[in-house]
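Q: Structure provided below as structure tokens; questions to follow.
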Amino acid sequence: MTTMTLKRGGAAVVGVAESDLGQVAPHMTPIDLMAQATVRALDDCGLSLADVDGVFAATAQARFAPMMLTEYLGINPTYIDGTQIGGSSFMAHLAHAAMALQAGLCKVALIAYGSTQRSVSRALASPPDYNPYEHPYRPFLPASAYALSAARHMHQYGTTREQLAEVAVAARLWAQKNPLAWDRGPLTIQDVLAARMVSAPLGVRDCCLSLDGGGAMIVTTAERARDLPRPPVYALGMGEAVGHGSISNMPDLTTTAAAVSGPRAFAMAGLGPKDVQVLSLYDAFTICPILFLEDLGFCAKGEGGPFVAGGAIAPGGKLAVNTNGGGLSYCHPGMYGLLGMIECVRQVRGEAGERQIAGCDVALAHGNGGVLSSQCTAIFGSQAAL
Amino acid sequence: MERLEESPLAAWRRHLAQGKLAYQVSPDGEPVFFPRVMAPRTGATGLQWRISEGLGTVYSTTVVYRRDEAPLNVALIEMDEGFRLMSRVEGMDAEAVRIGLRVRVTVRDADGDAPYPVFEALEDQSPTAGKGAA
């Protein structure tokens, strides 16, 4: 028996686009946004809808997202994947698309997301599952789950609220370089600390935005990608891991399954943290990038707070993190992962405008789903990194 | 195959109704919580119910601030028997609950709803406690 392994760089991203973001037109549906982004992403790569034969989609607002999107687009895909692991779904979709492409089960894969969370309210867009063991205590989910992790991290490692605030301020400074970002006004550490408390130690400026939005990504084989107009952005490494479902059952509140997904992705890519120029780290809350920097190996466990201090992940800092402004300041429609991947693709292509990091050949997007539950990592590279 | 006549959740609540915080132990002696039909990792069935002594330590804590409501404590409690659950610490200021605080379970009867465990500090944590001599 032979085993098949996923080929490093066997698949490439050829087209990316956001849908309308922020506050979209009244009565737009999540599938409208997926379709809008799909057409834009196809325009980006010069392919047409008729070329798409793999559909990968997820949203909190449609249980059967791939079905509804396929109907809407009017196509007959040969491969369907509706993996729903929250904001990390799309890194998983990328890995699964690469497998399907390698196996010849489809030739052009579409990954799509859409959400009208701001228009319809968070409560309607993403109602939490009923958990009888947590429900009586009325945690404000997901914020309280991340707050419990942050409190433990502070207790165990001396992480401070100021260090958490550094993450929010860095995101805002990057957002000021992104014309599409929602929040571009000034923001100081003191503003973050003084903001209304949501679930201690997290205040409202430690929490991501709650907006409408979506995106699409077109993925094909490396061979086909080279015939298309844009420079291919290769999927060098992907890793998926699930640690738990509910925050009550997270074994160690200071260590996420990114400590598993990251090494898996790096092993496939044959790369390490030192090779990465740009990171998209899912910043649902300010504690998240701190945890992921540690778990992905960019600093030691417990040193994430000091690592981000002094503007280290802001423009001009030592490591470029969330150059689009992240879920904290650019856009967070509920399952942000795809938008983080899109930013990585733009950075590797050199198309990130004012926020472009010079010589970005390797970018890492890390997705988080649930309450630090599902962790998926994707590493993108240019032709030079292949 | 023997049909299960009582769900894990129903069995847990039956114990709570008697004022007991129950948990399960797998055949290899591992504490299991939340209650399940099989042991995680091994898949072993035949989990045994045990009654906790009711003592634990705050593993992490947060305070939820909702508009027009008093601050509400939400905590994760590590029980001495080695399992963890979400709960809250009552009988003290929500903002004064600290990681490491030793706590004891008490069962709260929800109005017409299922009973659930909450915790109280082992030592008096009221704002005036221990300050008399200072």
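The values are calculated or read from the model by the stated rules, or taken from the named source; none is laboratory data. As the structure is a prediction and not an experimental result, all values here were calculated from the model. Neighbour counts are summed over all protein chains in view; Cβ atoms, including those assigned to glycine, are modelled from backbone coordinates with ideal geometry.
Q: Among the residues of the stretch B:30-41 satisfying the criterion of being under 22 Å from B:Val105 (Cβ atoms), outside any strand (DSSP E or B) and not aromatic (Phe, Trp, Tyr), which is farthest from the other protein chains (Cβ to nearest Cβ)?
A: Here the answer is B:Glu30.
Q: Which residues, taken from the stretch A:203-224, are surrounded by fewer than 23 Cβ atoms within 10 Å (Cβ to Cβ), over 24 Å from A:Pro289 (Cα atoms) and of a type in the set (A, V, I, L, M, F, W, C)?
A: Correct list: A:Ala222 only.
Q: Please enumerate the residues belonging to the stretch A:256-292 that are small (Gly, Ala, Ser) and either farther than 22 Å from A:Gly305 by Cβ or part of a helix (DSSP H, G or I) (or both).
A: A:Ala258, A:Ala259, A:Ser261, A:Gly262, A:Ala265, A:Ala267, A:Ala269, A:Gly270, A:Gly272
Q: Would you say A:Arg205 is part of a helix (DSSP H, G or I), more than 13 Å from chain B (Cβ to nearest Cβ) and under 19 Å from A:Gly334 (Cβ atoms)?
A: Yes.
Q: Would the stretch A:275-298 turn up any residue that is over 19 Å from the mean Cα position of the chain (by Cα) and touching a residue at least 60 places away in the same chain (Cβ under 8 Å)?
A: yes
Q: Got a number for residues in the stretch A:22-51 being buried (at least 22 other Cβ atoms within 10 Å of the Cβ) and assigned to a loop (DSSP other than H, G, I, E, B)?
A: Result for the stretch A:22-51: 1.
Q: Return the residue satisfying two criteria in turn: it lies in the stretch B:67-80 and is assigned to a strand (DSSP E or B) and facing chain A (nearest Cβ under 10 Å), and of such residues it is farthest from A:Arg196 (Cα to Cα).
A: Applying the filter and picking the extreme gives B:Ile77.
Q: While we're looking at this one, here's another question. For the stretch A:302-337, give me the residue count where each residue is buried (at least 24 other Cβ atoms within 10 Å of the Cβ) and of a type outside the set (Val, Ile, Thr).
A: Qualifying residue count for the region: 18.
Q: Which is outside any loop (DSSP other than H, G, I, E, B), at positive phi and not aliphatic (A, V, I, L, M), of A:Gly327, A:Gly316, A:Gly310?
A: Only one candidate qualifies: A:Gly310.
Q: Which of the residues belonging to the stretch B:81-118 are among the acidic types (Asp, Glu) and within 10 Å of another protein chain (Cβ to nearest Cβ)?
A: Across the stretch B:81-118, the qualifying residues are B:Glu95, B:Asp113.
Q: I'd like to verify a number: residues in the stretch B:42-66 that are farther than 20 Å from A:Tyr146 by Cβ and either within 10 Å of another protein chain (Cβ to nearest Cβ) or loosely packed, with under 12 Cβ neighbours inside 10 Å (or both), how many?
A: Final tally of qualifying residues: 4.
Q: How do the pairs read when you match residues in the stretch A:129-145 that are facing another protein chain (nearest Cβ under 7 Å) and assigned to a loop (DSSP other than H, G, I, E, B) with residues anywhere that are modelled with pLDDT of 95 or more and surrounded by fewer than 18 Cβ atoms within 10 Å (Cβ to Cβ), using Cβ under 6 Å and keeping only pairs 6 or more apart or on different chains?
A: From the stretch A:129-145, the pairs are A:Pro132/B:Leu9.
Q: Same structure, new question: Tally time: how many residues in the stretch A:155-193 are within 14 Å of chain B (Cβ to nearest Cβ) and either crowded, with 22+ Cβ neighbours inside 10 Å or not in a loop (DSSP other than H, G, I, E, B) (or both)?
A: Matching residues across the stretch A:155-193 total 6.
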